[in-house]
Amino acid sequence: MVSTAAGTIADRYKMLKGLRGGWWSLNAYIATLTAFFTAFTYLTTSDPVLSAAVATTVFSSTLGLNLAAERLLNAKTPNYTARRLNSLSVVELFILAAGLPLSALTNLLHPKLGEATYSLFISITTYVGYSVRRALGNNLSPQTPMALTLTPLLLGSLTLQAYVNDFTKALLLSTTAYLLGVVAMEASRELIDSRCIAGIKPFRLLQAFLTSLLSGLTHDLEDLMSRLGRTDEVRCELFVIRREGQRPVALVISDVHPGPFRTVGSSMLPSLIQQKLGEKGFESAVLKGLSSHEKNIASRKTAEQLAERLAVEAVALLESKEFKTAFALPMRNRLNGASSLTVGMAGKRIIILTLHPHPMEDLSPEALPDGLPGDMLVVDAHNSFYDGFKALENTSLEKLKQLVDRLKGQRLQLHENVMVGFARYVPADIGPSEGMGAGGVSCIVFEAAGERYAVVAVDANNAMPWVRDTVIEVCRRYGCIDVELCTTDTHMVNAVQLGGRGYHPLGEVIGKVELERMVEETLKRAIGNLAPAAAAHTTVVVKDVRVFADILETIAGIVPYGIRTYTAAGFAASASSLAIALII
């Protein structure tokens, strides 16, 4: 399944990241709005003291309060940055500013209508401002975001003087509207929290999610994911290819799903494996085994431990006597639109499956026929993206099953004196925002009897269909008879930016020229270090690992209900404020 949940949720909270522009731009917004409120107050009351009080109140309740919040609370709540809070203050001031001309117009009809209209805008502003501060205020009591949402109350009390000319009444109206906004938010939160997820309140999950998304701190979210998860075993197939005069190559096929997003859980597992293997002196590539979102590892620490375990096992395997010099050169098989490239080494068959150019998404173990021989290791190429596609339908799964079933009894022709080359290229100027994980582009080349084949593995979450065509085209220029493109399905590229799908598959941002350059550079280096090789294999199994299904999909399912509840509560607060102001 394409993990769009992080993007879906983030899209609802774009404002949390803050308006575009730096510190001075936000100051300019606030100064301009302050001038507007001050001018309005003076023009309607001719009171210079009241006008000066308005200007002082705006600056102190926005810039001053936000700066104090950052200095005093940021260590406990890193989401509270002055820039982010200033962005929210700008939104609040815009809402209040919009209320002034509307209330002035209704005041022409009747003074009571002017008071009531502006009270409504105070309530709306409080509701929005308090809601965001409450959501951002992880580990804070409600009183703190309440205290930081004083602008509507204070500024409202002063500007209402234009209609009531009675500070006590203005303060009463403003306080009532303020409290209605706060109460409405807490009521909507209680309603949303009534839909608990395995005993955990959605609002708590939302706060932990936003802290991870906005501040990069994952501990709270991973703790909740662990509580929501289950214990399972994870399995990795590890190949070590020893090459004469060259660094050994480790090839890992993992059944761990690298999710859910950014650095959370096992999202970075492919590049973590490459990092740990590199520290032990190995070149390495990671391929996606049979896994779906049910096998996200709950914590990054556990993912790092798994990567370290693989590196230790690779060293032990390299020092063993298990190496075999016989390889089976890659062989292509096609059936009803499904395609496989089979590579044989160390007595195993690595079968890379694809449906390209049709959508290729997560393959789970249940998607393949029963009774697979022990020497068959299936890889999900995960190399053909289609926007809006969620999961492989039954017809596609049946095609893959039929192809794998045909391959059960396939015998491969073994070759001695096979040359293996390897290279990895990590571009300095392309990263998660463009859909490229920290593992970059890896290329392994096999050559024997004048025939050359390549497998290109990219640390990305799927690829646009044209990317595979381009990779094949580049590799064929350098004499490759057959080629396959794989992506690791890394989710470190997911939810990097707020809104939208939440990530870019390979080739959506990176253009053809740049992609050709990266593949060509990697391929040339791999061909340049071709050397006689032998391979060994072991299976690494780790038991009692906390894994979880993609809870973000569950949270995303609650979002529509949450939005409806939140909107209804906002309308209720506004209507109540309007009604009470008409009565007072």
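The values are calculated or read from the model by the stated rules, or taken from the named source; none is laboratory data. Here the structure is a predicted model, which means the values were calculated and not measured. Ideal geometry is used to build each Cβ from the backbone, glycine not excepted, and the neighbour counts take in all protein chains shown. The area values use the complete protein model at the heavy-atom level, side chains included, leaving out ligands, DNA and RNA. Shrake-Rupley method; radii C 1.70, N 1.55, O 1.52, S 1.80 Å.
For this structure, a couple of remarks:
- Note on A391 and N417: with the Förster distance fixed at 45 Å, the Cβ-Cβ geometry gives a FRET efficiency of about 0.55.
- Rounded to the nearest 10 square angstrom, T395 shows an accessible area of 90 square angstrom against a 1.4 Å probe.
- When you filter the GluC sites (Glu not before Pro) in region 169-245 for DSSP loop state and at most 14 other Cβ atoms inside 10 Å of their Cβ, you are left with E244.
- Inter-label distance for K543 and A579, nm, one decimal - labels placed 7 Å from Cα along Cα-to-Cβ: 6.3
- The alpha carbon gyration tensor of region 409-555 gives principal lengths a ≥ b ≥ c with a/c of 1.5 or higher and a/b no greater than b/c, which makes the shape oblate.
- Subset of K321/K401; K288/K512; K301/K324; K76/K201 violating a 26 Å alpha-carbon distance limit: K321/K401; K301/K324
- Using the average count of surrounding beta-carbon atoms within 10 Å as a protection proxy, the listed peptides 403-414, 470-481 rank, highest first, as 470-481, 403-414.
- Ordering of 171-178, 575-582 by burial proxy (mean other Cβ atoms within 10 Å per residue, highest first): 171-178, 575-582
- Per residue, the chain reaches -16000 deg cm²/dmol at 222 nm when only DSSP H runs of four or more residues are counted, each adding -39500 (n - 2.57).
- Convex hull of region 261-364 built on C-alpha atoms - directionally averaged projected area, nm²: 8.3
- Calculated FRET value between L191 and S25, using beta carbons and R₀ = 41 Å, to 0.05: 0.65
- Taking the longest Cα principal axis of the chain as reference, the axis of helix 202-215 is set at about 70 degrees.
- Rounded FRET efficiency, nearest 0.05, which uses the C-beta distance separating D166 from A104 and R0 of 22 Å: 0.75
- Calculated on the Cα set of region 21-139, radius of gyration then Dmax: 15.7, 51 Å.
- Volume of the Cα convex hull of region 193-252, divided per residue and given in Å³: 119
- Once the Cα gyration tensor of the chain is diagonalised, semi-axes √(5λ) in Å: 59, 22, 20
- With pairing defined as another cysteine C-beta under 4.7 Å, the cysteines of the chain that fail it are C196, C236, C443, C486.
- Expressed to the nearest 5 percent, the antiparallel share of DSSP beta bridges inside the chain is 75 percent.
- Longest to shortest principal axis, alpha-carbon extents of region 265-310, angstrom: 32, 21, 14
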